[in-house]
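The values are calculated or read from the model by the stated rules, or taken from the named source; none is laboratory data. A quick note: this is a predicted structure, and the numbers were derived from the prediction, not measured. Virtual Cβ from ideal backbone geometry, glycine too; neighbours counted across all protein chains shown. Areas reflect the complete protein model, heavy atoms only, side chains present, ligands, DNA and RNA absent. Shrake-Rupley method; radii C 1.70, N 1.55, O 1.52, S 1.80 Å.
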Amino acid sequence: MSESTIDVPETVPAVVESNPLRDPRDRRLPRVPEPCALVVFGVTGDLSRKKLLPAIYDLANRGLLPADFVLLGFARRDWGDGDFESIAKKAAKEHARTEWNEDVWARLSGDIMFVPGSFDDDEAFDTLAKTLDELCLSHGIKGNAAFYLSIPPVLFPTVLQQMERTRMADNAAAGGWRRVVVEKPFGHDLASALTLNKLVDDVFTAPDVFRIDHYLGKETVQNLMALRFANQLFEPVWNANFVDSVQITMAEDVGIAGRATFYDATGAARDVLQNHLLQLLALTAMEEPVEFTAEAIQTEKLKVLRAITLHPDLEKYAIRGQYDQGWQAGERVLAYTAEQDVPANSNTETYAAVRLGIDTRRWAGVPFYLRTGKRLPRRVTEIAVLFKKAPHLPFSHTDTEELGNNQLVIRVQPDEGVTLKFGSKVPGSLMEVRDVSMDFLYGEAFTEASPEAYERLILDVLLGDSTLFPRNAEVEASWRVVDPLEAFWATHPPEKYRAGEWGPTAADEMLGRDGRAWRRP
């Protein structure tokens, strides 16, 4: 969890000044960044329109942007500032999570600017650099700027070279801080990740590079640390002595949604397993950090990622699939290979399930089952910790035949919360024990709405708080897990599963072979 908070009273103005006299240890008050600019490359894309621009409006509406804040868009469009402002307004109004307020937008829109140009256009980047220099005088940003690379990774070298040429990434030349936000995927294998990391770190200083994994900005993911380390109830049993297994699921009920060019070259393992799922695993399995700082948390996550082991029999414990035609929500849906722009002979997986181990004293012998897929029955992301059954039951078998493993389930989306599943006596004259659930729902327990992940993460970038951002070593350790899987799968075509089902039968057989079954979310 970052030091930023977003639970502020409604009376806070749309923009507020930072208070230099405020005690930095006081987390009850919102932290507001210094005057700064946010430059978005690829500002015309889906990510910008659906996530970034609405998040910036929401931050302004919550009073978490400085009075001297400037949004700079850069794209290959023949627009002026007014054209970009109207497009930004439409995107923010359509996708914002907070209530629309024209006064807030009026204040924000006065500081929205646009620089047209292509990424190989020296003159356009010279104009961008000059604009940032001028903002130091006109808006008092003091040289502070963050650059969001909302562009395909193949364009990173061109943009970074332009920034190096113009010295826009140089803190000393700027007179303030300069930071860069890099979207996943962080390469397509370990070798490309190493190359990308070196490229970015050669232009920016390493602490100023923010690799964004939006799952880490979700409130429930951050609550996992609070659940474990702020409560005495769970941590004593959070180990191999009591835990039978862990299941981490990220299921989507949609197809590739027009992303064929990206998805067919990437696949489920590179798109989700390498980043989202392994980060959730690291947070679930890590030791308690010595202090609540970015460096301490990243250190413990890295220990977990480096301790991950693959099952020696990948034929049985590394399953991938591809959805076939089927039915969802009462409608017939196409097979993956029938989707627009997908090759008819594509072997790209839309589903991946693996069994991993963690070679540490805490987790030795506990299997971690990870799965992700598209065209599954419902959209859900959850972490399920399944505990061992009681070593002895004084009841007859018939009294407990419907009793399963105790479970602690952290629901990341869409119904954020926590469920504790345990055995309880059924009312009546017989001693019949059955599973029951206790639910905690964010929407019912708190009056404050959970922020959108990008809202949290953009604020943290502007604050310079890297707690929720993976570092180089984490990315590289994750690829060391995924690369052997990709090498194995390269010679094994994916198994088919019908759209609307929970993946290929081989994934069920994987757990059945261990005497277990997938939890039905």
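Remarks
- Per-residue SASA entry for Val304, accessible area with 1.4 Å probe, Å² rounded to 10: 10 Å²
- Diffusion constant of the range 176-267 at 37 °C, which comes from Stokes-Einstein with the Kirkwood Cα-pair radius and 0.692 mPa s, µm²/s: 190 µm²/s
- Full-stretch length increase - Phe229, Asp126 - with 0.36 nm per residue and alpha-carbon distance subtracted: 32.2 nm
- Proximal lysines relative to Lys421, as straight alpha-carbon distance under 29 Å, when same-chain residues fewer than 8 apart are discounted: Lys218, Lys301, Lys374, Lys388, Lys389
- Computed accessible area, Thr127, all protein chains, 1.4 angstrom probe, square angstrom: 60 Å²
- The chain - share of DSSP beta bridges that are antiparallel (%, nearest 5): 55 percent
- For peptides 270-277, 116-123, 103-110, sequence by mean Cβ density within 10 Å, most packed first: 270-277, 103-110, 116-123
- Zone residues, the range 291-307, relative to Asn171, backbone N less than 18 Å from point 7 Å out along Cα-to-Cβ: 294-296
- Gyration tensor verdict on the range 131-229 (Cα atoms; rounded if a/c is under 1.5, prolate if a/b is larger than b/c, oblate otherwise): oblate
- By accessible area with a 1.4 Å probe, ligands and nucleic acids excluded, highest first: order of Asp208, Asp415: Asp415, Asp208
- Shape index of the chain: Rg/Rh, with Rg the Cα radius of gyration and Rh the Kirkwood radius from the inverse mean 1/r over Cα pairs, equals 0.98.
- FRET efficiency, 1/(1 + (r/R0)^6) with R0 30 Å, evaluated for Lys90 and Ala329 via beta carbons: 0.55
- Taking 0.36 nm per residue of sequence separation and removing the Cα-Cα distance, the Phe440/Ala364 pair yields an extension gain of 24.4 nm.
- Over every Cα atom in the range 186-229, the radius of gyration and the widest Cα-Cα span, Dmax, amount to 14.4, 38 Å.
- The slack between Ala265 and Lys388, meaning 0.36 nm per residue of separation minus the straight C-alpha distance, is 40.3 nm.
- Plainly put, the range 73-167 has a radius of gyration that is 0.99 times its Kirkwood radius, both from alpha-carbon atoms, as the Rg/Rh ratio.
- The range 257-323-the range 65-123 distance, computed between alpha-carbon centres (Å): 34 Å
- Gyration tensor verdict on the range 116-155 (Cα atoms; rounded if a/c is under 1.5, prolate if a/b is larger than b/c, oblate otherwise): oblate
- Stokes-Einstein D in µm²/s, Kirkwood radius over Cα pairs - the range 435-521 at 25 °C with 0.890 mPa s viscosity: 134 µm²/s
- Above 17 Å, the calculated P(r) of the range 228-298 contains 61 percent of its Cα-Cα pairs.
- Computed on the Cα trace of the range 230-353, the radius of gyration divided by the Kirkwood hydrodynamic radius gives Rg/Rh = 1.07.
- Counting only protein heavy atoms and using a 1.4 Å probe, the accessible area of His188 comes to about 100 Å².
- Estimated distance in nm for a label pair at Leu155 and Lys425, the labels positioned 7 Å out from Cα along Cα-to-Cβ: 6.6 nm
- Computed [θ] at 222 nm, helices only, for the chain once each DSSP H run of length n ≥ 4 contributes -39500 (n - 2.57): -9000 deg cm²/dmol
- Over the range 164-246, Cα pairs under 8 Å with separation of 6+ residues give a relative contact order of 24 percent.
- Largest-first principal axis extents, alpha carbons of the range 282-321, Å: 41, 20, 12
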